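These notes concern the structure reproduced below.
Computed from the coordinates by the stated procedures, all read-outs in this text should not be read as laboratory data. Owing to the predicted nature of the structure, the values given are computational and were not obtained by experimental measurement. Glycine gets a Cβ as well: all are built from the backbone with ideal geometry, and neighbour counts include every protein chain shown.
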Amino acid sequence: MIKAGIIGSTGYAGGELARLLMQREDVKVVWYGSKSYIGQKYASIYQNMFRFVEDECLEDNIEKLADEADVIFMATPQGLCASLLKEDILKKCKIIDLSADFRIKNVEVYEQWYKITHASPQFISEAVYGLPEINREAVKKARLVANPGCYPTCSFLSIYPMVKEGLIDPSTIIIDAKSGTSGAGRGAKVDNLFCEVNENMKAYGVASHRHTPEIEEQLSYAAGIPVTISFTPHLVPMNRGILVTAYASLNGNVSEDEARAVYNKYYGNEYFVRVLDKNMVPQTRFVEGSNFVDVNVKVDPRTHRVIMMGAMDNLVKGAAGQAVQNMNLMFGLPENEGLKQIPMFP
């Protein structure tokens, strides 16, 4: 039995973690941490947990939790995990951090984009970037996993095969991404009110979104050279989902069949990445509630460019589901344990 604690359990990602973990017989959630709701019943905050969870929310006491848990999920804002993490804690339990604190290896880049001082840079080099499709073996041996961001997960998996095989010029990559409102978190913000979001679409974080350096860093590892991208996210009026449409110039003559063969080469044996049939396009409604990422590729010979597409649920594969996927690897379990939910439709 794996004993798990969730710090930040009342945010959207924390709530999704609780939902996924509560369905398992081999995991017991021993701590529902929440700074805002200490002493309140968890099921009074998320009523979908009524009669499933009787626990009250506890404080963010990671040192006490480390004595009780085998793994701690940090579903918290940037900066908190780094401020709390100590060697004594890592000696007692494993940490899966859903914030960006340990995703970016260059601390100066992190501080520049997130506008905060990193509180524990000594752990950055040890942290494993928790994208199992790329870093599976490293995750298995990790004490500290940096769970990837939602946009970076969908963007990277949509583009990776073409970059890795050198079939595109990485300096020409443009990523157009769209996300549901849950990606902005559960905090009260005017921009996320129903009247602001409904019947509306907008770009945000234009040329400045903080997931940009994370995507660039991971693509640079794949390309073997520094990669700079143009990344523009958009907010769309739906609860869940991310859709990525990325463009790049081809290196030489690459047919669509050749491009598709590359995707099948890298993802043919991946459980959670589904390469769609030719001419099918990824849609958020067909991955909702699941840990799956649907990808496809289209070559445009007229413009000598390629269109790389991906869709996923930002709260599952983009956050909680991927964190559970990483937990499975860290504890020697089947990677898809507790994550076989078929996407919900409608």
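Close amide H pairs (under 5 Å, H built 1.01 Å from N) link I168 with N251, residues at least 5 positions away or on another chain. Would you mind calculating the relative contact order of the stretch 1-64 from Cα pairs under 8 angstrom and at least 6 residues apart, reporting the percent as a whole number? Computed value for the stretch 1-64: 32 percent relative contact order. Excluding H118 itself, calculate the net charge of residues whose Cβ lies under 10 Å from the Cβ of H118, where each Lys or Arg counts +1 and each Asp or Glu counts -1. It works out to a net charge of -3. Spatial offset of the stretch 114-140 relative to the stretch 209-275 amounts to 20 Å, using the alpha carbon center of each. Residue-wise HN-Hα couplings along the stretch 276-291, as the Karplus relation 6.51 cos²θ - 1.76 cosθ + 1.60 with θ = phi - 60° gives them from phi, are 6, 5, 4, 6, 7, 10, x, 9, 5, 5, 9, 10, 4, x, 10, 9 Hz; Gly and Pro carry x.
Converting phi to 3J(HN,Hα) with the Karplus coefficients 6.51, -1.76 and 1.60 and the offset θ = phi - 60°, the stretch 49-59 yields 8, 4, 6, 9, 10, 9, 5, 9, 6, 10, 6 Hz in sequence order, with x at every glycine or proline. The C-alpha atoms of the chain define a longest principal axis, and helix 12-22 lies at about 70 degrees to it. To test your reading of the geometry: what angle, between 0 and 90 degrees and rounded to tens, separates the Cα axis of helix 212-223 from the longest principal axis of the chain? Here the helix axis deviates by roughly 60 degrees. Between K94 and V71, I72, the built amide H atoms are under 5 Å apart, and every one of these is 5 or more places off in sequence or on another chain.
Averaging the Cα positions of each part gives two centres, and for the stretch 161-181 and the stretch 7-84 these lie 35 Å apart. Peptide packing: for 30-36, 227-233, 3-9, the average count of neighbouring Cβ atoms within 10 Å per residue gives the ranking 3-9, 30-36, 227-233, highest mean first. Less than 5 angstrom separates the built amide H of V293 from those of V273, R274, all sequence-distant by 5 or more or on a different chain.
If you sort the three axes of the alpha carbon gyration tensor as a ≥ b ≥ c, you get a/c of 1.5 or more for the stretch 219-259 and a/b no higher than b/c, which makes it oblate. Take every Cα pair under 8 Å whose residues are at least 6 apart in sequence, average their separation, divide by the length of the stretch 110-168, and the relative contact order is 23 percent. DSSP bridge analysis restricted to the chain gives an antiparallel fraction near 45%, rounded to the nearest 5. With everything on Cα atoms, drop me the angle between helix 256-267 and the longest principal axis of the chain, reported from 0 to 90° to the nearest 10. So the helix axis and the longest Cα principal axis differ by about 20 degrees.
Only helices enter the 222 nm calculation for the chain: every DSSP H run of n ≥ 4 contributes -39,500 (n - 2.57), and dividing by all residues gives -8000 deg cm²/dmol, rounded to 500. Summary value for the chain: 17 percent relative contact order, contacts being C-alpha pairs under 8 angstrom separated by 6+ residues.
For the chain, a simple Cβ point-charge model (Lys and Arg +1, Asp and Glu -1, everything else neutral) yields a dipole of about 280 debye relative to the Cα centre. In this calculation the C-beta distance from M344 to H234 is compared with R0 = 22 Å, giving a FRET efficiency of 0.45. Counting only lysines at least 8 places from K178 when in the same chain, those with an alpha carbon closer than 18 Å to its own are K202, K317. The phi torsions of the stretch 228-244, fed into the Karplus equation with coefficients 6.51, -1.76 and 1.60 and a -60° offset, translate into couplings of 10, 10, 9, 10, 10, x, 9, 9, 10, x, 8, 6, 10, x, 10, 10, 10 Hz, rounded to whole numbers, with Gly and Pro shown as x.
Pairs from the list K3/K86; K105/K189; K164/K298 with a Cα-Cα gap above 22 Å: K105/K189.
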